[in-house]
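Written below as structure tokens is the structure these notes are about.
What follows draws every value from the coordinates through simple rules; no lab data is involved. Everything numeric here is computed off the predicted structure, so don't read it as measured data. No Cβ is skipped: glycine too gets one built from the backbone with ideal geometry, and neighbour counts run over all protein chains shown.
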Amino acid sequence: RRLAARIYERNGNTDLAMESLATTVVLSGYDPVYAQEYAAALRRTDQTRAIEAVLTETVRRHPRNRELLAALAAARLRLQDWAGAEQAARVLRAVEGSGDSADRIRTVVLTGQQRYGESIELLQRLAESNTENASIMAALTQVYVKAGQTSQARAYINQVLAENPNNAAALRISGALHALSDDMESAEKAFRDSILADPGDPLGFLVLGRFLRDNDRQEEAEEIIRAGVANVQGKFALHINLADLL
């Protein structure tokens, strides 16, 4: 049935593909592999409520599966089911024996509830123990901005860059903060510096390309994305971006 589902999906028969995957999940007794495959298919058609339902039942049968718990929490976050997401995070914390993954979920819950001070405090603790983690850095900066504390966001990123001027992720975030304050010259410089800091990271080319495109500099955007295609091998996102530009 899994093979049939793939064939149906490739042929554009989405309903039959979904039916085959759903049947596979049920017949397997909600095997985690099949359940996550079905959830991924549902995600492609933006059926978050259905994802939450199938993952809830799968977690009930496999309560110590970390990937399932994280996926369930993510689905509940998309539904803005803050209490449900936090409950999944508590179980995940108990299963993992450490709090990082659960704390990251809780920061999204707190931000969604506009409890910015608590979210910032928790993210600051996470940032201290994960100094090179780009996602935590970005999350903390975003919450600062949402809380109306843009100057604190700038001070935080400046501190990160003072410790490591070649932190490509921090340079991209710095560029975004400059763009937010309409300092486009500084924003562009930061984005270009992020490529120089890590020329093997496709994200640097993608971010600069999007910046140039958004500022009606189409030819320059194409030039940057072509440079990314030439220098970063095997990165499908760059090829897709170039096709979109063309």
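Just a few scattered comments:
- Sorted into 5 angstrom bins from 0, the C-alpha pair distances of segment 76-184 split as 2, 12, 21, 21, 19, 12, 8, 3, 1, 0 percent.
- Cα-based equivalent ellipsoid, the chain: semi-axes from gyration tensor eigenvalues, Å: 36, 27, 15
- Shape annotation for segment 122-221: C-alpha extents along the principal axes are 43, 30, 19 Å, from largest to smallest.
- Per-residue ellipticity at 222 nm from helix content only, as computed over the chain with -39500 (n - 2.57) for each DSSP H run of at least four residues, stands at -25500 deg cm²/dmol.
- Taking 11 Å as the cut-off, the amide N atoms of segment 30-46 that come nearer than this to a point 7 Å along the Cα-to-beta-carbon line of Arg78 belong to 39-46.
- Taking only the C-alpha atoms of segment 60-136, Rg followed by Dmax gives 12.3, 37 Å.
- Multiplying the residue separation of Asp214 and Asp46 by 0.36 nm and subtracting their alpha-carbon distance yields 57.8 nm.
- Length added when fully stretched, Leu245-Gln233, from 0.36 nm per residue minus Cα-Cα: 2.4 nm
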